[in-house]
Amino acid sequence: MQKTALVCGAGGFIGGHLVKRLKAEGFWVRGVDLKFNEHAETQADDFVIGDLRDQRLVREVIDRRFDEVYQLAADMGGAGYIFTGENDADIMHNSATINLNVLDACHKRNIKRVFYSSSACMYPEHNQLDPDNPNCAEDSAYPANPDSEYGWEKLFSERLYLAYNRNHGMECRVARYHNIFGPEGTWTGGKEKAPAAMCRKVAEAADGGSIEVWGDGKQTRSFLYIDECLEGTIRLLRSDFEGPVNIGSDEMIAINGLAKMAIDISGKSVAIKNIPGPLGVRGRNSDNRLIRQRLGWAPSETLRDGMEKTYAWIAGEVMRDHNRRAA
Ligand code: NAD
């Protein structure tokens, strides 16, 4: 019989790509989101526009015993959205309500396998003050001290999924994503993350011009290309390991280094100007020892490869946008 999957947050960046991947594997796929994906037509067999904060809607969407459920819906954004403090109540209320609703509806349908995407933002701030030596080993999560309410909600929801495993015999799987990027992601408007922001700024810059980069440029991060994120997600859901486990790249780079990479890919001569802006922690990198040990797999594609594919897509979007405005 054809396998079935539900993707919550299918109109989003990772969800949109995940639907494509599951379709390529031969699944019947239902997607649900507040909106369609802005960048690509959905390939889902059935796509429900609806609000997962609404318990009745969630019960209607989870109307059968799906073989696999991926819960990716969350109220999120780039550093400009999460770290200002202005959206804290919404972030916590909306995302927690979605997780409570989806997980309970799955339990009531006797669905066993639910994937939940937590985030590296749940790691304690004090372990991420040294940009050259951040600690993001899974067991460093406690005593907890995330730097944002977004991180606290992720921590709560991680525990919620694992509690359903213990108390209700479910087989939920929890991953902590570290900065996922790639084509068909948000690239403008304030919710885009660093790789997309760098590609856009460089694509928009004139040869001989300059771009602005938030902070002193020495804060470090790692970035994982979307295809590898999907590979890790699917491998984890189908494995016998519940997590939480990091899904991220361990190729750490300073933000100015990322900007230089985008400039180099563009072939233009562009200067970097560091300006004050919202930052987040000083350093973050994925620790891949646990995923390697438990799944026998870890991401391996270089950042440069992923940035080249992403730059090409964003440069095309910038060009289309420019032509639309000129017309
Ligand atoms: P995204 O914002 O593109 O996708 C999330 C989707 O959830 C959006 O399409 C949004 O419309 C939908 N959504 C929000 N509230 C909803 C509601 N009430 N009802 C229905 N749909 C709703 O984000 P993404 O980058 O695809 O991330 C997917 C998941 O992975 C999120 O849970 C996010 O926290 C987690 N994550 C992502 C990253 C990353 O780097 N992209 C890093 C860590 C964790």
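Of the residues L258, L72, L57, which exhibits the maximal mean-square fluctuation in a Gaussian network model of the chain defined by a 10 Å Cα contact cut-off?
Result: L57 has the largest fluctuation of those listed.
Using Cα pairs closer than 8 Å and at least 6 residues apart in sequence, work out the relative contact order for segment 150-261, in percent. Let's see the in-between values first.
Numbers: 128 pairs, mean separation 39.7, N = 112.
Relative contact order for segment 150-261 comes out at 35 percent.
For segment 204-256, which trypsin sites (Lys or Arg not before Pro) are in a loop by DSSP, counting at most 13 other Cβ atoms within 10 Å? Please list the in-between numbers first.
On the way: sites: K218, R221, R235, R238; in loops: K218, R238.
Those that pass, being in a loop and sparsely packed, are R238.
Going from most exposed to least, what order do E41, E242 have by accessible area with a 1.4 Å probe?
Working: E41 160, E242 70 Å².
The most accessible residue leads, giving E41, E242.
Answer rounded, prolate or oblate for segment 96-150, using the Cα gyration tensor with square roots of eigenvalues a ≥ b ≥ c: rounded when a/c is under 1.5, else prolate when a/b is larger than b/c, else oblate. All intermediate terms of the calculation are to be shown ahead of the outcome.
On the way: a/c = 3.80, a/b = 2.63, b/c = 1.44.
Here segment 96-150 falls in the prolate category.
Among K108, K193, what's the order by accessible area (1.4 angstrom probe), most exposed first?
Values: K108 135, K193 70 Å².
From most accessible down to least: K108, K193.
Which sequence of D75, D90 reflects their accessible areas, 1.4 Å probe, from the largest down? Mind showing how you got there, number by number?
Working: D75 30, D90 85 Å².
Heavy-atom accessible area, descending, gives D90, D75.
Hey, what do the phi angles of segment 120-134 turn into as Karplus ³J(HN,Hα) couplings, whole Hz, using 6.51/-1.76/1.60 and θ = phi - 60°, x for Gly and Pro?
With the stated coefficients, segment 120-134 comes to 4, 5, 7, 6, x, 4, 5, 8, 10, 8, 9, x, 8, 9, x Hz.
For a quick check of your reading of the filter: which trypsin sites (Lys or Arg not before Pro) in segment 11-79 sit in a DSSP loop and have no more than 16 other Cβ atoms within 10 Å?
On the way: sites: K20, R21, K23, R30, K35, R53, R56, R59, R64, R65; in loops: K35, R53, R64, R65.
In loop regions of segment 11-79 (DSSP not H, G, I, E or B), the sparsely surrounded trypsin sites (Lys or Arg not before Pro) are K35, R64, R65.
Whole-Hz Karplus ³J(HN,Hα) for segment 26-43, in order, using 6.51 cos²θ - 1.76 cosθ + 1.60 and θ = phi - 60°, x for Gly and Pro?
Values, residue by residue: x, 6, 8, 10, 9, x, 9, 6, 5, 8, 6, 5, 6, 9, 8, 4, 6, 9 Hz.
At 222 nm, what helix-only mean residue ellipticity would the chain give, in deg cm²/dmol to the nearest 500, using -39500 (n - 2.57) for each DSSP H run of four or more? Working shown, then result.
Numbers: 10 runs with 130 residues, N = 327.
Value at 222 nm, helices only, nearest 500: -12500 deg cm²/dmol.
When only Cα pairs under 8 Å and 6 or more residues apart are kept, what is the percent relative contact order across the chain? Don't jump to the answer; show the numbers that get you there.
On the way: 678 pairs, mean separation 56.5, N = 327.
Value for the chain: 17 percent.
In square nanometres, what is the average projected area of the Cα convex hull of segment 88-187?
8.0 nm²
Just to verify a number: what accessible area does F115 come out at with the full protein assembly present, 1.4 Å probe, Å² rounded to tens?
0 Å²
What base-10 log of the normalised intensity I(q)/I(0) is obtained for segment 1-63 from the Debye formula, alpha carbons as equal point scatterers, at q = 0.19, 0.23 Å⁻¹?
Computed log10 I(q)/I(0) values: -0.63, -0.88.
Cα-based Rg (one decimal) and Dmax (whole number) for segment 6-155, in Å?
Final numbers for Rg and Dmax: 16.5, 48 Å.
With viscosity set to 0.890 mPa s at 25 °C, what whole-number translational diffusion coefficient in µm²/s follows for segment 197-249 from Stokes-Einstein and a Kirkwood radius over Cα pairs?
Numbers: Rh = 14.4 Å.
Estimated via Stokes-Einstein, D reaches 171 µm²/s.
Can you give me the relative contact order of segment 89-171 as a percent, contacts being Cα pairs under 8 Å and 6 or more apart?
Numbers: 78 pairs, mean separation 32.6, N = 83.
Result for segment 89-171 is 39 percent.
Please give the charge dipole size of the chain, origin at the Cα centre, charges +1 on K and R Cβ atoms and -1 on D and E Cβ atoms. Round to the nearest 20 debye.
Working: 41 positive and 47 negative charges, 115 e Å.
With only Lys, Arg, Asp and Glu charged at Cβ, the dipole is about 560 debye.
Can you give the direction-averaged projected area of the convex hull of the alpha-carbon atoms in the chain, in nm²? Walk me through the numbers before you get to the answer.
Numbers: hull surface 66.8 nm².
If you wrap the Cα atoms of the chain in a convex hull and average its projections, you get 16.7 nm².
Taking each full run of DSSP H in the chain as one helix, which ones are at least 20 Å long along their axis (Cα atoms) and have mean Kyte-Doolittle hydropathy of at least -1.0? It would help to have the intermediate numbers written out before the result.
Values: long enough: 88-108 (30 Å, -0.10); 149-168 (28 Å, -1.18); 303-326 (34 Å, -1.03).
Span-like helices here: 88-108.
Cut-off 10 angstrom, C-alpha nodes, Gaussian network model of the chain. Which of E192, E204, E68 fluctuates the most?
Maximum among the listed residues: E204.
At 25 °C and 0.890 mPa s, grab the translational diffusion coefficient of segment 286-327 from Stokes-Einstein with a Kirkwood Rh over Cα pairs, rounded to a whole number in µm² per second. Don't skip to the answer; put the middle values down first.
Details: Rh = 13.1 Å.
It comes out at roughly 188 µm²/s.
The values are calculated or read from the model by the stated rules, or taken from the named source; none is laboratory data. Please read all numbers here as calculations on a predicted model, not as lab measurements. So basically every Cβ, Gly included, is an ideal-geometry build from the backbone, and we count neighbours across all protein chains shown. Only protein heavy atoms, including side chains, enter the accessible area calculation; ligands, DNA and RNA are left aside. Shrake-Rupley method; radii C 1.70, N 1.55, O 1.52, S 1.80 Å.
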